[in-house]
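I have placed the structure first, in the form of structure tokens, so that the comments after it can refer back to it.
The values are calculated or read from the model by the stated rules, or taken from the named source; none is laboratory data. Quantities reported herein were computed from a predicted structural model and do not represent experimental measurements. In this analysis, Cβ positions are derived from the backbone assuming ideal geometry, glycine residues included, and neighbour counts consider all displayed protein chains.
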Amino acid sequence: MRASDTRIRNGSSKTRLSERRFLLLLALYASQYFGIGFLMTGATAILREKGVALESMAAVSALGMLWAVKFLWAPVVDRFGRNRAGGHYRSWLLVLQPLLACVLAVIACLPDVRAQFGVFLLLAAVYILLSATQDVAADALAISSIRSDERGFANGVQVAGSYIGLIVGGGLTTVIYGWAGWFAALATLAVLTLLPTLLIAVSPEPPASAEAWAARISVNTIWTVVRQRGAGIWMLLVVPITWMGLTAGYSLITPSLIDQGWSAEETATLTTLLAGVCGTAAALGTGVLIQRFGRERVLLVGCALAVIGMVAFLPVISGVASTVYIVAVTIVFFLGYTAGSIIVYSINMDYSRPGSAGSDYTTLASFAMLVSFGAGAVSLSVAGQLGYVSVFVGSSILYAIGAALTVWHQRRYRTQTLNHGAGRAVLPVESAAAGPESVVSTALSATAPDRKERER
């Protein structure tokens, strides 16, 4: 009887511990995206509404490239930490989480973000660096804390957290800005970012978690990924053209709506709240459709939708479109955007080998993120000089070319990528700040086997 009672108590204790771990992961990934979502979507709408030039706004998008190279300092997080503080990575998070909140609080105190745009950029860069480092520590803590049979559910928790963060940071914060102003919006974000610190403080970390981290990327790892048959062409030619087409069009939607008289909160409601819901549904649906009809058909349909969405945005730019038309066109674009993004990340999975799945995938995803942020920055600069029409038309052509190259690549190298790839590997969810392309890759992981773990 006593043994039975002990087992019941132990089982109940494990359940509570698991619930706390999953709640901690949800809080960490959501808070990580609060500021990123605001900087990449909400701030874009607000700054444009305040009259900041597109060329200046391009600098904000370019800052996101810092996130894509976080693997460069990940070994520092692995190497240094205070196990006596209750855990190697926990000690990092206990410092980083309050620092993220402090940076947001300082940004909230800027009296005129347009006049102090340089200071805003500096603070945004600091925030992105801290957030990327927090992502490294959070990933490692998740890997060490979750059992193999919990990975699927844990990945769903991470997906939910990232979407919550983007919706709150990019959408809700902008709505608060419309109601109560800049300080109230950023102060709210700072408080929400600080809250997970309480969970971190009471959540133990497994003692051997530092040794469990195995996603260190070396130059040799990057070189061997590119040397796989077709990988160099994929990484250096197909992905850049595809991403330039996708992200160039995406980055202009928010400022073009602002220029047509939409308020920052109205724009955020459409491009973050509504688009986030549609993107989630499209990602899950695309995963099912790929299994049933194959990548090529889904890619072609997705390409058609994205190109139609970008071309159909031209009447919006000219100011002759109704609200219903704008909403419909935006949804069509995001459906195509999601499908194209998922295809790219699923092929990255093919090139991720069983022995180095995490490193391989992070290498490919990081390169895609660099291209994505760079394309977003360039498109804003070009639009400031030549206008929206030229960029929308150019991005449509680029994406059509990228889709054609992807079809060609798969027909030629599909067998090789499947032979080399680690389809069953658990790959990291890259939280990019680029926009929905990173979240879309995350949503794909909800339909694919456990990707969040980084394997040895």
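List of remarks:
- Note on the stretch 45-54: residues that are assigned to a helix (DSSP H, G or I) and farther than 20 Å from residue 128 by Cα amount to 3.
- Filter pass, residue 95 being over 18 Å from residue 59 (Cα atoms), assigned to a helix (DSSP H, G or I) and β-branched (Val, Ile, Thr): yes
- Residue within the stretch 161-175 that is over 20 Å from residue 265 (Cα atoms) and modelled with pLDDT of 75 or more present: no
- Residue match in the stretch 242-253 (condition: at negative phi and either in contact with a Lys or Arg (Cβ under 9 Å, 6 or more places away or on another chain) or assigned to a loop (DSSP other than H, G, I, E, B) (or both)): no
- Cβ-Cβ distances below 8 Å connect the following pairs, each with a first residue in the stretch 54-74 that is in contact (Cβ under 8 Å) with a residue 60 or more places away in the chain, a second residue that is acidic (Asp, Glu), and a separation of six or more residues or different chains: 67/135; 70/135.
- Scope the stretch 312-331; condition surrounded by fewer than 18 Cβ atoms within 10 Å (Cβ to Cβ) and modelled with pLDDT of 85 or more; matching residues: 315, 322, 323, 324, 325, 327, 328
- Single residue of 87, 64 found to be modelled with pLDDT under 80, in contact with a helix residue (DSSP H, G or I) (Cβ under 9 Å, 6 or more places away or on another chain), at positive phi and surrounded by 20 or more Cβ atoms within 10 Å (Cβ to Cβ): 87
- Being over 22 Å from residue 404 (Cα atoms) and either modelled with pLDDT of 75 or more or under 22 Å from the mean Cα position of the chain (by Cα) (or both) is a property that holds for residue 270.
- Filter pass, residue 294 being surrounded by fewer than 24 Cβ atoms within 10 Å (Cβ to Cβ), of a type outside the set (A, V, I, L, M, F, W, C) and either farther than 23 Å from residue 401 by Cα or within 20 Å of the chain's Cα centre (by Cα) (or both): no
- Single condition residue 269 does not satisfy, out of (1) surrounded by fewer than 24 Cβ atoms within 10 Å (Cβ to Cβ); (2) within 22 Å of residue 390 (Cα to Cα): (2)
- In the stretch 23-35, the count of residues that are in a helix (DSSP H, G or I) and modelled with pLDDT under 80 is zero.
- Among the residues of this structure, residue 345 counts as one that is crowded, with 20+ Cβ neighbours inside 10 Å, in a helix (DSSP H, G or I) and at pLDDT below 75.
- Yes/no for residue 395 being at pLDDT 80 or above, part of a helix (DSSP H, G or I), surrounded by fewer than 21 Cβ atoms within 10 Å (Cβ to Cβ) and hydroxyl-bearing (Ser, Thr, Tyr): no
- Residue that is modelled with the highest pLDDT [pool: residues in the stretch 91-134 that are farther than 18 Å from residue 73 by Cα and of a type in the set (Phe, Trp, Tyr)]: 120
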